[in-house]
1. Restricting to segment 1-17, name every residue that is touching a residue at least 12 places away in the same chain (Cβ under 8 Å) and surrounded by fewer than 18 Cβ atoms within 10 Å (Cβ to Cβ).
2. Going residue by residue through segment 94-101, is there one that turns out to be among the acidic types (Asp, Glu) and surrounded by fewer than 18 Cβ atoms within 10 Å (Cβ to Cβ)?
3. Mind checking which residues of segment 156-172 are touching a helix residue (DSSP H, G or I) at 6+ places or on another chain (Cβ under 9 Å) and surrounded by fewer than 18 Cβ atoms within 10 Å (Cβ to Cβ)?
4. Hey, does segment 23-46 have a residue that's in contact with a Ser or Thr (Cβ under 9 Å, 6 or more places away or on another chain) and of a type in the set (Lys, Arg)?
5. Would you list the strands (runs of 3 or more DSSP E) that sit entirely within segment 98-199 and hold 1 or more residues that are at pLDDT 90 or above and under 16 Å from the mean Cα position of the chain (by Cα)?
6. Pick from Ile206, Ile153: which is farther than 19 Å from Asp97 by Cα, in contact with a helix residue (DSSP H, G or I) (Cβ under 7 Å, 6 or more places away or on another chain) and touching a residue at least 24 places away in the same chain (Cβ under 8 Å)?
7. Restricting to segment 63-90, and then to whatever is modelled with pLDDT under 75 and within 23 Å of Asn104 (Cβ to Cβ), can you tell me which residue is surrounded by the most Cβ atoms within 10 Å (Cβ to Cβ)?
8. Any idea which of (1) buried (at least 18 other Cβ atoms within 10 Å of the Cβ); (2) touching an Asp or Glu at 6+ places or on another chain (Cβ under 7 Å) is the one Lys193 doesn't satisfy?
Amino acid sequence: MKILIVDDDKEIVELLSIYVKNEGYEPILAYSGKEAITRLATNPDIALMILDIMMPNMSGIEVVRQVRKDSQIPIIIVSAKTGDMDKIQGLITGADDYVTKPFNPLEVMARVKSLLRRSQNNVTNPEPDELEVGPLTIKKDSHEVTTLTGKQIQLTALEFGILYLLASHPNRVFSADEIFERVWQQESIVSAKTVMVHVSHLRDKIEEATGGEKVIETVWGVGYKVEA
């Protein structure tokens, strides 16, 4: 399984590539945003990207925008920018996770493995393959979400995971911590803002595709739910 590592700091690229190799993955290296786009084009089987934000010529945010035009591969942003707004911008643009520098490579690899589990949909619990909720049909095995008119909604692995979790437990309210632990498949180590941003992005996609239908409800002070 190939992991694309993108950073203009060669030492960081080399460090992460060592850990990627140690976990049994094949590192693909890029030192600029433009080079990252080229690597993706020539390696369509890349499974995940680890991406720096602050790079010359083409920033990591612009790379995410370009990639999300035709790909939903998991993206982890690694950046020296630590502010909440920087994290939120990265997530809204389409990244799946955000790690600040300096980072622990073991934490980065834990997040890599978690996202790959989600994208590969290796869920062993007996859950229905197809769900219908409001104007949506959700197919677990193929990760497809379609509207009543047959329009397909393109979701990231995490967005699909959130929607499937809520839809498969109608009327149950999930807290942000519960959603993170169930969808990210690791203990809650980030603020509720990470989940909030992903839910907001998911809602925008659903409402755009359905003409304003509100499928996910916020229960203020508690969490999120989908009504049967």
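The values are calculated or read from the model by the stated rules, or taken from the named source; none is laboratory data. Predicted model only: the values in this text are computed from it and were never measured. When we count neighbours, we look across all protein chains shown, and the Cβ atoms used for this are built from the backbone with ideal geometry, even at glycine.
1. Met1, Lys2, Asp8, Asp9, Lys10, Leu15
2. For segment 94-101, residues among the acidic types (Asp, Glu) and surrounded by fewer than 18 Cβ atoms within 10 Å (Cβ to Cβ): absent.
3. Hit for segment 156-172 is Arg172, nothing else.
4. Taking every residue of segment 23-46 in turn, none turns out to be in contact with a Ser or Thr (Cβ under 9 Å, 6 or more places away or on another chain) and of a type in the set (Lys, Arg).
5. Here the list reads 144-147.
6. Only one candidate qualifies: Ile153.
7. Checked segment 63-90; the qualifying residue surrounded by the most Cβ atoms within 10 Å (Cβ to Cβ) is Lys87.
8. (1)
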